[in-house]
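Once you've had a glance at the structure underneath, I'll fire off some questions.
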Amino acid sequence: MFARSRKTVFLQNGSPPGGRRWLWLVVGASGVLAAHAASADPQVILPQGLPVQVKPTFTEPGLPQFTFPTAGGSLLGGSVDTGNGNGGGDGSTSPASGSTASSGDAYNAMMAQSWGSSAASAAGAMGISATALAATCAMESNCQNVGSSGGSSATGAFQMISSTYNADIAGAVAYDPSIAGTIVSGSAGEMDPATEAYAASYELRQDALTLENDGINDPTVLQTRAMYQFGAGAGPRVADAPDSANLAELTGLNAASLAANGLSSSSTVGDWRQTIVNKLGSATANQTVLQQ
Amino acid sequence: MYTVRLRVALALALAVTGGAHAERLQPGSPLSGYQCYNIDAAALKLTPEDAWEGKGFPPVFKGPSEDSGKLGVASGPVFVAWPLQKQNGFVQMLRFNGDIGWISGSVIRPLYRDPGSKGGCTLSWRGNLVQFALDPGAKGWLFRDGHDIPEAKFLERSLHSQ
């Protein structure tokens, strides 16, 4: 009825046949191109993370027993960059001889905490890998819910300063309003690891999306750490630079600032990457941040 | 007349659909036709705090016009086609992922460099990423004095558990 009325209006307006043909030409061409655009880059969109895994309580008769994995991060984690250079950021960095971390250490360290599984759920809700979130708490506090130290006001398992925490927890709630009822509100949330995990996950998500917006696809933990540590201006530069690049020439940081990270004015990007790899292990450092 | 309408229709269709996909350089393709520039913080009126937070970075478009569709933003460096390819006030550039885009010529500049040095950079592929290595004397800084990163913010995010 509605379509017929519109057609009537067109005819009553006295549009010439050529005008209608012209309209259909635009619509038709738009449709063809839209269909092409839609088919060119198929993407799976998982705004709330992966679907809940079905765990059968009663097994089917005749089937062998199956033990569901409880750790390892493969379910909540993204894909691991296997060194093909597709965003690893440290293609030439090999694990240091003094490396103390293996691939699952960060994830296991977080999951060993009473709040670990809640944090992993927070990562999923924000669309990031649980292993990537675990890397943050491993880097910042060895996944211990500690207070501020060393003159910094950063607190909690993810060592966030208040201004960053407040902005990120607000962003997290805006991204997924359903979490509002489950988090500890106010400044107390900063010392509740399960709540701070939402803010830290949102921060990681934003950093990874910023890198993607700059043309660095599927950013890894290591690349996103560059964003977090050097900011949105210098971060992508560090994420993209070769291991041999001088960090001071690239970022303008002075010797005193670099010394706060155990680096010097002669340190290279590879030296910085190695500090992360030493802490996390190569596989975790090259884990992609955003869930696929 | 029909041909003109057809062209206009296609142009409108491109506008409706956001345009065709960006042209992308395949990994391994020669990169000698590109050179490093940077975004011009002075022209963009950026402060180090803006840069830290990613505010005010210039957009990169699919074609040499704002109507062509946005690919993303550039935080620097900017890999410009060399010698510069200018159209309609825009300069052709390469993004980290090999996408070919266009950026306003008024918001980019050559790299800062030590007096007497040649400056510039050498590009190479690392997997699917275009990687840059600064030539001797060239600086990757956004600001002339090199103070790109607010020291207090950097120290707040320095490692707490070394």
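Kindly provide the set of residues from the range B:53-86 that are open to solvent by 30 Å² or more (accessible area, probe 1.4 Å) and under 25 Å from residue B:119 (Cβ atoms), ordered by number.
The answer is B:56, B:82, B:83, B:84, B:85, B:86.
What about residue B:133, is it surrounded by fewer than 18 Cβ atoms within 10 Å (Cβ to Cβ), at the interface with chain A (Cβ under 8 Å from one of its Cβ atoms), out of contact with any Asp or Glu (no Cβ under 7 Å at 6 or more places or on another chain) and hydrophobic (A, V, I, L, M, F, W, C)?
For residue B:133, the condition - surrounded by fewer than 18 Cβ atoms within 10 Å (Cβ to Cβ), at the interface with chain A (Cβ under 8 Å from one of its Cβ atoms), out of contact with any Asp or Glu (no Cβ under 7 Å at 6 or more places or on another chain) and hydrophobic (A, V, I, L, M, F, W, C) - is met.
Quick check on my filter: what residues within the range B:40-51 are in contact (Cβ under 8 Å) with a residue 40 or more places away in the chain and either farther than 26 Å from residue B:136 by Cα or touching a Ser or Thr at 6+ places or on another chain (Cβ under 7 Å) (or both)?
B:43, B:44, B:46, B:49
Condition (residue is over 27 Å from residue A:203 (Cβ atoms), within 10 Å of chain A (Cβ to nearest Cβ) and of a type outside the set (S, T, N, Q)) applied to the range B:62-73: is it met by at least one residue?
No, because not a single residue in the range B:62-73 is over 27 Å from residue A:203 (Cβ atoms), within 10 Å of chain A (Cβ to nearest Cβ) and of a type outside the set (S, T, N, Q).
Residues of the range B:91-102 being farther than 11 Å from residue B:34 by Cβ and open to solvent by 20 Å² or more (accessible area, probe 1.4 Å), which ones?
Residue satisfying the conditions is B:102 alone.
Restricted to the range A:207-227, and to residues that are touching a residue at least 12 places away in the same chain (Cβ under 8 Å) and within 7 Å of chain B (Cβ to nearest Cβ), which residue is farthest from residue B:95 (Cα to Cα)?
Checking each candidate, the answer is A:210.
Restricting attention to helices (runs of 4 or more DSSP H) lying wholly within the range A:178-292, give those where 2 or more residues are closer than 21 Å to residue B:52 by Cβ.
Of the helices (runs of 4 or more DSSP H) lying wholly inside the range A:178-292, those with at least 2 residues that are closer than 21 Å to residue B:52 by Cβ span A:193-213, A:221-240, A:247-251, A:255-259, A:269-280.
Right, here's the next one. Quick check on residue A:209: is it buried (at least 20 other Cβ atoms within 10 Å of the Cβ) and either over 23 Å from residue B:151 (Cβ atoms) or aliphatic (A, V, I, L, M) (or both)?
no
Have a look at A:255, A:200 and point out the one that is surrounded by fewer than 21 Cβ atoms within 10 Å (Cβ to Cβ) and of a type in the set (A, V, I, L, M).
Step by step, each of A:255, A:200 is checked, and only A:255 is surrounded by fewer than 21 Cβ atoms within 10 Å (Cβ to Cβ) and of a type in the set (A, V, I, L, M).
Moving on. Across the range B:106-123, what is the number of residues that are without any contact (Cβ under 8 Å) to a residue 60 or more places away in the chain and touching a Phe, Trp or Tyr at 6+ places or on another chain (Cβ under 9 Å)?
Of the residues in that region, 2 qualify.
Give the residue that is nearest to residue A:139 (Cα to Cα), with candidates limited to residues of the range A:239-257 that are within 9 Å of chain B (Cβ to nearest Cβ) and hydrophobic (A, V, I, L, M, F, W, C).
Among those that are within 9 Å of chain B (Cβ to nearest Cβ) and hydrophobic (A, V, I, L, M, F, W, C), it is A:239.
The values are calculated or read from the model by the stated rules, or taken from the named source; none is laboratory data. Small disclaimer: the values here were computed from a predicted structure and weren't measured. Heads up, the Cβs are rebuilt from the backbone with ideal geometry, glycines too, and the neighbour counts pull from every protein chain shown. Calculation scope for accessible area: heavy atoms of the full protein, side chains included, ligands and nucleic acids excluded. Shrake-Rupley method; radii C 1.70, N 1.55, O 1.52, S 1.80 Å.
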